[in-house]
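The next block holds one structure in the form of structure tokens; read it before the comments.
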Amino acid sequence: MLKVSLSRKKNTFIYEPGQEIRFSAGSFGWETEDEAVNVCRSRIFYIIGLFLLIYAVIIIRIFNVCLVDGIQLSRKETIYYRPRNGIVSPVHRANITDRNGIVVATNLPTVNLYALPYEVGNPEVTAQKLNEIFPDVKYTEFYSRLTKKVKSKYAKVLLKRNLSPTQQVKVNALGFPELEFENSEVRVYPQKELLSHVLGNTDIDSNGISGLEKSLDTRLSSSTRDLQLTIDLGVQYMVRDELMKAKEKFKAERATAIVMDINTSEIIALSSVPDYDLNRRDFKDKDIKFNFATLGVYEAGSVFKVFNTALGLDSGKIKITDSFDATKPLKMGRHKITDYRVPAKWLTVGETLIHSSNIASAQIALKVGKALQIKFLKNLGFFDKIENLEIYEKGRPLHRSEKYWQDHTVATTAYGYGISVTPIHIITAFSSILNGGIYTPPTLVFETNNRKSKRVISTQTSMDMRKLLRDVVIYGSGKNANIEGYEVAGKTGTANKLENGRYVKGKNVTSFVSAFPISDPKYALMVIIDSPKGLPETFNFVTSGWNACPTGGKIITRIAPTLNIAPNFDLQTQREKVLKNYGIKN
């Protein structure tokens, strides 16, 4: 039988005649169709696995950066970052708002115009065209800057700051390659002069130079979070409006007013006129920027009798039923203490305030003594600058050294002479006298958390003072502020004006300090008018009862409804008025 033998190395195949020859794919290195599909499928799985691994690494990294560690920003990036919209803002100084969120100071993005002197081809034409766009800048000034000698061809020369979008478009349309723009920002004050003495100003580089802008410069420039004030813009407007009217009516040199929450010492309004538009920087008269409310120290006159009376009652050395001899002047060495239009008789503590007797007030102080008087005035903050108040311009009280504080100093201090303080000192101390006896340092911003309150008089003394000062408005010199329904209590004061160390004949500073409603005190108000003139309707009198007091009454009438003070009409008083109108005796 014929046999064929085929050899392939190790494998041997025997072929017999008539037999079909079969070869395995592996015998000659061939692949079948199923094996090819399996290889392709394996490779696809490898690729998918690789992509899944890459995606897993990416997801883990995102989770680690965003949720675990957080996105780390540098200090500079943090300043510019605004979480509210997630974008980077070109403005880096925080807004200032009133207590209701109304913006009173903000920064707007703008551009400055520069020139590259080395690239200026025709300075005459360039200067002429720029002068047409900016007529407030002289042609010669533009020409001088465009031809200025610089050390480097890359050196820039400032031509104009804070261009409007329209101006920028016009400059671009000139097509002069030597002109370049640089992003900048400008501080603007939408309310103009309304808060001029509170906010202050910034310089051209947005650095604070006065007011809150200066004292809180670090806070405003290191965070874009709005700074919220305690000021109520509506109340501020009404107060300023009445001050402007009073200044004009009485032909005064200036007028000042402060409204304060009597329990928290938050300043609701603070105005001093004359004032100025914060958006302008070309005022030559520096006096117009003087903030009398916080910086001006003056002898307050009879409003100091409030503190003298509270001292006497709280010391226990004076009883509310005590009387004092005001029948004749009080001799103090070579000097005499006299009264102005006060009945010459023995006066009770209440009558001393109602008639504003210097003689009786001095006797109260002398009975209390030097040591207690100094301690009490210190406790009310009358010996120091109010350090925690956020505004930059703050005055330091002027007074005699304790070493030279003699009996005549004790006596004159009782009625507001021999010690000079600021209006903000007075209204803060006054609030503590009527709010139950708690002194809290004043504030202009809600962020303050370092204020510490302290008790200065007893609750009973505070209650007694409420009644006594209400009587001053009903029966005494405060009658022109007796606004029906608002239970006003307060004290007037008229002091001779000091200029260059001398009292000026015919010049006075008049004051009225008050609180309302006195049955449950909510707010305090102080009004000061500097050098008012007498009018026919005031019978040519220039005392506080004829100018500062009625001005205070008008302010209270306007602001009380805004401050949600509901009128509280005394039914008995109303009944008496009705009967009087009909000629019926009660």
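The values are calculated or read from the model by the stated rules, or taken from the named source; none is laboratory data. Remember, predicted model here, so these are calculated numbers, not experimental data. Reconstructed Cβ throughout: ideal geometry from the backbone, glycine too, with neighbour counts over all protein chains shown. Keep in mind that these areas ignore ligands, DNA and RNA; they rest on the heavy atoms of the full protein, side chains included. Shrake-Rupley method; radii C 1.70, N 1.55, O 1.52, S 1.80 Å.
Excluding same-chain neighbours fewer than eight residues apart, the lysines reachable from Lys192 by a Cα-Cα span under 20 Å are Lys214, Lys245, Lys247, Lys284, Lys286, Lys289.
Using a 1.4 Å probe over the heavy atoms of the protein chains, calculate the carbon and sulfur portion of the accessible area of the stretch 156-208 as a whole percent.
Numbers: 1210 of 2510 Å².
Solvent-exposed carbon and sulfur of the stretch 156-208 make up 48 percent of the total.
In terms of solvent-accessible area of protein heavy atoms at a 1.4 angstrom probe, what is the ranking of Thr309, Thr140, Thr459, Thr543, highest value first? Kindly include the intermediate steps, with their values, before the conclusion.
On the way: Thr309 5, Thr140 90, Thr459 70, Thr543 35 Å².
Most to least solvent-accessible, the answer reads Thr140, Thr459, Thr543, Thr309.
Short-range pairs are left out: with C-alpha atoms under 8 Å and at least six residues apart, the relative contact order of the chain is 12 percent.
Return the calculated 222 nm mean residue ellipticity for the chain, to the nearest 500 deg cm²/dmol, obtained by summing -39500 (n - 2.57) across DSSP H runs with n ≥ 4 and dividing by the residue count.
Details: 19 runs with 203 residues, N = 586.
Estimated from H runs of four or more residues: -10500 deg cm²/dmol.
Annotation: Glu178 carries an accessible surface of approximately 10 Å², with a 1.4 Å probe and no ligand, DNA or RNA atoms counted. Within the straight-line cut-off of under 21 Å between alpha carbons, the lysines reachable from Lys156 are Lys129, Lys138, Lys148, Lys170, sequence neighbours fewer than 8 places apart in one chain being disregarded. For the chain, the longest principal axis of the C-alpha atoms and the axis of helix 370-379 are separated by about 30°.
A simple spin-label model places pseudo-atoms 7 Å from Cα toward Cβ; at Asn568 and Ala155 they are separated by 7.3 nm. Shown for the stretch 500-572: lysine pairs separated by 8 or more places, or found on different chains, whose C-alpha atoms are under 21 Å apart, numbering 4. The residues neighbouring Asp277, those whose beta-carbon lies less than 9 Å from its own, together hold a net charge of 0 under the Lys/Arg +1, Asp/Glu -1 convention. Taking the stretch 337-416 as the region of interest, the number of lysine pairs whose Cα atoms are within less than 25 Å, with members eight or more places apart or on different chains, is 14. Multiplying the residue separation of Lys452 and Glu402 by 0.36 nm and subtracting their alpha-carbon distance yields 15.4 nm. Between (1) 100, 66, 52; (2) 102, 54, 53; (3) 167, 70, 61, which entry matches Cα extents along the principal axes in Å as derived from the coordinates of this structure? Given (1) 100, 66, 52; (2) 102, 54, 53; (3) 167, 70, 61, the structure-derived one carries the label (3).
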